[in-house]
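Every number here is computed from the coordinates shown, using simple stated rules; none is lab data. The shown structure was predicted, so the numbers you read here are calculated from the model rather than taken from an experiment. All Cβ positions, glycine included, derive from the backbone under ideal geometry; neighbour counts span all protein chains shown.
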Amino acid sequence: MKILQFGKFYPPHIGGIEKVMFNITESLNDRGVPCDVLCSNRAGSYAEERDRGYMVMRTRTFGILSSVSITPQIISKLKDVQDDYDIIHVHFPDPMAGLALMLCRPRARIVIHWHSDIIRQKTLLQIYKPLQTWVLKRADAIVVTSPHYLEGSTDLAPYKAKCHVVPIGVETSGMSVSQEKVAEIRERFKGKRIVFSMGRFTPYKGYQYLVEAARYFDDNYVILIAGAGALGGELSDQIRRSGLEDRVHLLGPIKYEDVGSYYEASDIYCLSSVSRNEAFGIVQVEAMLFRKPVVSTNIRGSGVLYANIDGETGLVVEPGDPQALAGAISRICSDPELYERLAAGGLKRASEVFTVDNMLNSTLEVYQRVLETPRTR
């Protein structure tokens, strides 16, 4: 069995899908199952890397348009290498990958990893829909990250018979914690309850509501939001207009080596997202592995509700409600017994359900099943 992981980007580019691809690729190779990667290169030119014991092929990119990496070379590269693999594991949404599959028609078995529906780019979806339908019909199996997302996806409804729920495996062993950095963060915000959040500054993250939530706190709380994006200026203006400079701090993009220290230094994690664009929320599970209770939102049909269980690992409130966010955060932080119960519950759930080993074992079962199933085409 030889596998090709096929997606938009790959580390060191940081993102939820990229983390999943990386963990699957590394773990397969560690278990002696050859696995390579085909993706586009944010740096522009074509590059091949073999330094990790497997091949990473990064195709030339001409830019990003509506979240699509414009890389025609990925089509010709797939055509060149497709016969070397038994299974091509494709991470969606990725219109360029879908186009490459349709034009190259590989003989390999196709496993689609469905991370999210296309929700925000309505115009793009109408153009892309026929291609997406072809890919879903062609797929030998479809991997979905939570039962909640499968039930909420109208795109996947006709293909449920070949869908398999494989929870995302989260790994924090690479997140080093610097006690010096932790002490520095805590000293800077001495005497404060630290509410941490991290992600792209994009509308579906709901950061405007998290900023607004600071109005309902007293001076014992501070909100730290790490990340960057198009809405950064608007969030800064909102903080300034509301006079919340002492209660909300935009950290910008923090270094990967500092992420663990921010989790460790914080008291609680908040995921304020407002739509199914937030398909899972890996950051919630990362926070749980650091024994931090989570406050998240009730996004119906999203895996967010699968990761954070209300009353067990954190609290869940309705999206777009700043007062409810503040109330849930205050409730947890002001009740030591509740805090400890949620922290322990989160660590237990994350350690038992969302492990890389579990994800890989389930993925290998899907691979084995598609290889053993006779072709119908």
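Taking 20 Å as the cut-off for C-alpha to C-alpha distance, list the pairs among Lys19/Lys255; Lys190/Lys292; Lys8/Lys79; Lys2/Lys79; Lys192/Lys255 that go past it.
Lys192/Lys255
If you stretched the chain out fully between Lys2 and Val33, how much longer would it get, using 0.36 nm times the residue separation minus the C-alpha to C-alpha distance?
My answer for the length gained is 10.5 nm.
For the chain, what proportion of DSSP beta bridges, expressed in % and rounded to the nearest 5, is antiparallel?
10
Once you have the Cα-Cα distance between Ala228 and Glu48, take 0.36 nm times their residue separation minus that, and quote the gain in nm to one decimal.
Here the segment from Ala228 to Glu48 would lengthen by 61.9 nm.
What FRET efficiency comes out for the pair Glu184/Asn361, r = Cβ-Cβ distance, R0 = 51 Å, nearest 0.05?
0.80
Using only the alpha-carbon atoms, how far is helix 336-352 inclined from the longest principal axis of the chain? Give it as 0 to 90 degrees, nearest 10.
Its long axis makes an angle of about 10 degrees.
Calculate the spin-label point distance for Asp219 paired with Ser236, positioning each point 7 Å from the Cα along the beta-carbon direction, and give it in nanometres.
Inter-label distance under the simple model: 2.6 nm.
List Trp114, Trp134 from most exposed to least, where exposure is judged by having the fewest other Cβ atoms within 10 Å.
Trp134, Trp114
Select one label from (i) 18.3; (ii) 20.6; (iii) 25.8: the one whose number is mean projected area of the Cα convex hull in nm² as derived from the coordinates shown.
Read-out taken from this structure: (i).
With 10 angstrom as the radius, rank Asp258, Asp246 by how many other C-beta atoms surround their C-beta, starting from the fewest.
In order of increasing Cβ crowding within 10 Å: Asp246, Asp258.
Report D for the range 141-236 in µm² per second (integer): Stokes-Einstein, Kirkwood Rh on Cα pairs, 25 °C, 0.890 mPa s.
Here the translational diffusion coefficient equals 143 µm²/s.
Taking every pair of distinct Cα atoms and averaging 1/r, then inverting, what Kirkwood hydrodynamic radius in Å comes out for the range 323-377?
Computed over the range 323-377, the radius equals 14.7 Å.
Compute the Rg/Rh shape ratio of the range 11-147: radius of gyration over Kirkwood radius, all on alpha-carbon atoms.
Answer for the range 11-147: 0.93.
Listing Phe189, Phe196, Phe22 from the residue with the fewest other Cβ atoms within 10 Å to the one with the most, what is the order?
Phe189, Phe22, Phe196
Calculate how many DSSP beta bridges within the range 15-84 are antiparallel, expressed in % of all such bridges and rounded to the nearest 5.
55
More than 22 Å apart: what percent of Cα pairs in the range 204-309 qualify?
33
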